[in-house]
1. Tell me which residues, restricted to segment 64-97, are basic (Lys, Arg) and touching a residue at least 60 places away in the same chain (Cβ under 8 Å).
2. What are the residues in segment 98-115 that are without any contact (Cβ under 8 Å) to a residue 24 or more places away in the chain and open to solvent by less than 20 Å² (accessible area, probe 1.4 Å), if any?
3. Looking at Glu57, Glu119 in this structure, which one is among the acidic types (Asp, Glu) and at pLDDT 90 or above?
4. Criterion first (open to solvent by 50 Å² or more (accessible area, probe 1.4 Å) and part of a helix (DSSP H, G or I)) does His54 satisfy it?
5. If you check Leu8, Leu24, Leu47, Leu42, which single one turns out to be in contact with a helix residue (DSSP H, G or I) (Cβ under 9 Å, 6 or more places away or on another chain), open to solvent by 100 Å² or more (accessible area, probe 1.4 Å) and among the hydrophobic types (A, V, I, L, M, F, W, C)?
6. Open to solvent by 60 Å² or more (accessible area, probe 1.4 Å) and either in a helix (DSSP H, G or I) or in contact with a helix residue (DSSP H, G or I) (Cβ under 9 Å, 6 or more places away or on another chain) (or both): is that true of Leu84 in this structure?
Amino acid sequence: MHKPAVLLLSRIAAALSLSEPVILTGETGTGKTSAVTHLAGLLRRPLVSLNLSHQTESSDLLGGFKPIDARIPGAALQQRFLELFGVTFSRRKNEKFEGEVRKAVGEGRWKRAVGLWRESGRMAVERIRGKGKEKEKAGDDSRWVFFLAGV
């Protein structure tokens with residue numbers, strides 16, 4: 001341990017004791033990594049060492065947005081939609097509508113698919129309300145409870 005290394009270690013230790021962040025800069029081979037590795041060993045603390053350069057970007061440190069394939073969550077939504085649609089409406093009578101939804105999802109036209117999903121939800125609400133009114137007219141006082149799942 002030469003004097004510059006001891007001085008560097010004491011400054012780093014002082015910053016750590018005050019919970020201050022530390023950034024070490026300097027030419028390659030001056031002992032920055034060695035000093036910090038030695039200090040981490042003495043303190044029995046884990047060390048994460050990042051070697052930065054002029055080409056380092058913020059996304060290298062913080063991460064970035066990872067593009068996802070919209071077909072994966074879209075296929076799951078489509079599957080759930082088909083389940084709900086099948087128990088709410090006649091598939092035979094709505095074959096054309098269901099085909100349009102499948103086509104939009106298959107082609108990745110997500111605005112169109114979501115619009116069709118919403119339209120079917122609106123129609124389901126109308127159907128449920130219509131059945132409730134029919135029951136009222138018939139004098140049935142049983143109560144309806146509806147759970148609309150957000151998809």
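1. Scanning segment 64-97 gives a single hit, Arg80.
2. Filtering segment 98-115 down to residues without any contact (Cβ under 8 Å) to a residue 24 or more places away in the chain leaves 98-101, 103-104, 106-107, 109, 111-112, 114-115.
Across segment 98-115, the qualifying residues are Glu98, Val101, Ala104.
3. Working: Glu57 fails: at pLDDT 90 or above.
Going through Glu57, Glu119 in turn, the sole match is Glu119.
4. Working: open to solvent by 50 Å² or more (accessible area, probe 1.4 Å): yes; part of a helix (DSSP H, G or I): no.
Spelling it out, it is not the case that His54 is open to solvent by 50 Å² or more (accessible area, probe 1.4 Å) and part of a helix (DSSP H, G or I).
5. Working: Leu8 fails: open to solvent by 100 Å² or more (accessible area, probe 1.4 Å); Leu24 fails: open to solvent by 100 Å² or more (accessible area, probe 1.4 Å); Leu47 fails: open to solvent by 100 Å² or more (accessible area, probe 1.4 Å).
Selected residue: Leu42, the only one of Leu8, Leu24, Leu47, Leu42 that is in contact with a helix residue (DSSP H, G or I) (Cβ under 9 Å, 6 or more places away or on another chain), open to solvent by 100 Å² or more (accessible area, probe 1.4 Å) and among the hydrophobic types (A, V, I, L, M, F, W, C).
6. Values: open to solvent by 60 Å² or more (accessible area, probe 1.4 Å): no; either in a helix (DSSP H, G or I) or in contact with a helix residue (DSSP H, G or I) (Cβ under 9 Å, 6 or more places away or on another chain) (or both): yes.
Answer is no for this residue.
Let's see how each residue does on (1) under 30 Å from Glu119 (Cβ atoms); (2) at pLDDT 85 or above:
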{"site": "Ile12", "(1), (2)": "no, yes"}
{"site": "Leu47", "(1), (2)": "no, yes"}
{"site": "Leu52", "(1), (2)": "no, no"}
{"site": "Ala75", "(1), (2)": "yes, yes"}
{"site": "Leu82", "(1), (2)": "yes, yes"}
{"site": "Glu100", "(1), (2)": "yes, yes"}
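The values are calculated or read from the model by the stated rules, or taken from the named source; none is laboratory data. None of these values were measured; they are calculated from a predicted model. Backbone-built Cβ (ideal geometry, glycine too); neighbour counts: all protein chains shown. Each accessible area value is taken on the protein alone, full model and side chains, heavy atoms only, with ligands, DNA and RNA left out. Shrake-Rupley method; radii C 1.70, N 1.55, O 1.52, S 1.80 Å.
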